[in-house]
Amino acid sequence: MRTAVALGSNIGDRLENLRAARDSILDLPNVKAPILSSAVYQTEPVGCEPGAGKFLNAVIEFEYDGDPARLLEQLIQIEEALGRKRDHPRNVSRIIDVDLLYCGEQRINDERLQLPHPRLHLREFVLRPLADIRPDLVLAGQKKAIRGLLAEVEQSGGVVRYADTW
């Protein structure tokens, strides 16, 4: 099933943090080609502590053959291996943030996993890179394609293309 993950970093070598997370994800046993990768965008921090640095954000999509809950556990392990602490407060600066956006048409809503990601349609920093690779995708539970959702989100000018290839 086509599966997408959003990546973000605003501490350290942000671009290298995204690369390391991407490479670790693509090395997982149930992750297969074709791989789609958005451009990298620099974005203003949303809801972070005062003085937080700008984020780099990107989205990757791949074929995944497995249980979404297991993939979530693997993504958490990747975050931890790259230096993210599990007991971090919500919305603070971070070396790496990996969010599972969707797994095919699956709709999951439990205490551990919500698919599609419940705030994806509200976040320009996710919609803009996702629109690079899947502008016509209509997510489970949505009526509009990604490009339509992006058009509805308030465009603050805080999401700027940073790198086309990474």
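The values are calculated or read from the model by the stated rules, or taken from the named source; none is laboratory data. Note that the coordinates shown come from a computational prediction; the quantities given were computed from them, not determined experimentally. FYI the Cβ positions are ideal-geometry reconstructions off the backbone, even for glycines, and counts take in every protein chain you see. These accessible areas exclude ligands, DNA and RNA; they are computed on the full protein's heavy atoms, side chains included. Shrake-Rupley method; radii C 1.70, N 1.55, O 1.52, S 1.80 Å.
Taking region 1-24 as the range and being hydroxyl-bearing (S, T, Y) and open to solvent by less than 30 Å² (accessible area, probe 1.4 Å) as the test, the residues that pass are T3, S9. Take I95 and decide whether it is touching a Lys or Arg at 6+ places or on another chain (Cβ under 6 Å), surrounded by 17 or more Cβ atoms within 10 Å (Cβ to Cβ), closer than 26 Å to I11 by Cβ and of a type outside the set (D, E, K, R). So I95 fits the description; yes. Of the residues making up region 128-166, those that are more than 17 Å from V46 (Cβ to Cβ), surrounded by 16 or more Cβ atoms within 10 Å (Cβ to Cβ) and among the aliphatic types (A, V, I, L, M) are A131, I133, L137, L139, A145, I146.
Look at L101 and say whether it is open to solvent by less than 30 Å² (accessible area, probe 1.4 Å) and within 23 Å of V46 (Cβ to Cβ). Against the criterion (open to solvent by less than 30 Å² (accessible area, probe 1.4 Å) and within 23 Å of V46 (Cβ to Cβ)), L101 qualifies.
For region 69-98, the set of residues classified as modelled with pLDDT under 95 and either touching a His at 6+ places or on another chain (Cβ under 6 Å) or basic (K, R) (or both) consists of R84, K85, R86, R90, R94, listed by residue number. Name the residues in region 25-40 that are surrounded by 16 or more Cβ atoms within 10 Å (Cβ to Cβ) and of a type in the set (D, E, K, R), would you? Selection gives nothing. Tallying residues that are open to solvent by 40 Å² or more (accessible area, probe 1.4 Å) and either in a strand (DSSP E or B) or touching a helix residue (DSSP H, G or I) at 6+ places or on another chain (Cβ under 9 Å) (or both) within region 51-61 yields 1. Counting only residues that are open to solvent by 30 Å² or more (accessible area, probe 1.4 Å) and at pLDDT 90 or above, region 111-120 holds 1 of them.
Against the condition more than 26 Å from M1 (Cα to Cα) and open to solvent by 50 Å² or more (accessible area, probe 1.4 Å), how does E44 come out, does it pass?
Values: more than 26 Å from M1 (Cα to Cα): yes; open to solvent by 50 Å² or more (accessible area, probe 1.4 Å): yes.
Here the answer is yes, as E44 does meet what is asked.
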